[in-house]
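Undergrad: For reference, the structure I am asking about is given below.
The values are calculated or read from the model by the stated rules, or taken from the named source; none is laboratory data. On a predicted model such as this, the values are computed, not experimentally measured, just so you know. Note that each Cβ is placed from the backbone with ideal geometry, even for glycine, and that neighbours are counted across all protein chains shown.
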Amino acid sequence: MRVVLPAHLRTLAGVHGEVLLSVAGTELTQRCVLDALEAAYPVLGGTIRDRKTGKRRAFVRFYACEEDLSNEAPDAPLPAVIADAITAGREPFMVVGAMAGG
């Protein structure tokens, strides 16, 4: 599967462009994607989700197939259409830094 990271996380992980991962399991979830990402790039541990709670960090969003997946439960299976597109490599799982301000 393909994972797109924001520039600052690519720099931290020492990667250029998309990250390619293999994700084990029958159902694709946010947790299994992030587990595989952090296993491949341990330096990213704690940057995308809290180490203790496993919850998504504030100002980090997840997208795939033009759908915002950020508020889905980490262990909820991704919708079949999205999971199929991601595992087939047609669409990336995107980690995006959110903007805030007034």
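Undergrad: Quick test of your reading of the structure: A100 fulfils all but one of (1) closer than 19 Å to A7 by Cα; (2) part of a loop (DSSP other than H, G, I, E, B); (3) within 13 Å of the chain's Cα centre (by Cα). Name the failing condition by number.
TA: A100 satisfies every listed condition except (3).
Undergrad: Spot the failing condition for V3; the list is (1) part of a loop (DSSP other than H, G, I, E, B); (2) surrounded by 19 or more Cβ atoms within 10 Å (Cβ to Cβ), and only one is missed.
TA: All conditions are met except number (1).
Undergrad: Go through the stretch 27-51 and give me each residue that's at pLDDT 90 or above, closer than 20 Å to L12 by Cα and in a loop (DSSP other than H, G, I, E, B).
TA: Answer for the stretch 27-51, where residues must be at pLDDT 90 or above, closer than 20 Å to L12 by Cα and in a loop (DSSP other than H, G, I, E, B): Y41, G45, G46, T47, I48, D50.
Undergrad: Hey, among the residues in the stretch 45-62 that are surrounded by fewer than 18 Cβ atoms within 10 Å (Cβ to Cβ) and within 10 Å of the chain's Cα centre (by Cα), which one's farthest from R90 (Cα to Cα)?
TA: The residue in question is V60.
Undergrad: From G54, G89, which residue is part of a loop (DSSP other than H, G, I, E, B) and at pLDDT below 90?
TA: G54
Undergrad: Okay, moving on. Could you figure out which of (1) loosely packed, with under 11 Cβ neighbours inside 10 Å; (2) in a helix (DSSP H, G or I) isn't true of A24?
TA: Checking A24 against (1) loosely packed, with under 11 Cβ neighbours inside 10 Å; (2) in a helix (DSSP H, G or I), the one that fails is (2).
Undergrad: Another question, then. Can you confirm whether the stretch 63-72 contains a residue that is exposed (fewer than 11 other Cβ atoms within 10 Å of the Cβ), assigned to a loop (DSSP other than H, G, I, E, B), free of Cβ contacts under 8 Å to residues at least 40 places away in the same chain and hydrophobic (A, V, I, L, M, F, W, C)?
TA: no
Undergrad: Identify all residues within the stretch 21-44 that are over 20 Å from L78 (Cα atoms) and over 12 Å from the mean Cα position of the chain (by Cα); write none if there are none.
TA: The answer is A39, A40, Y41, P42, V43.
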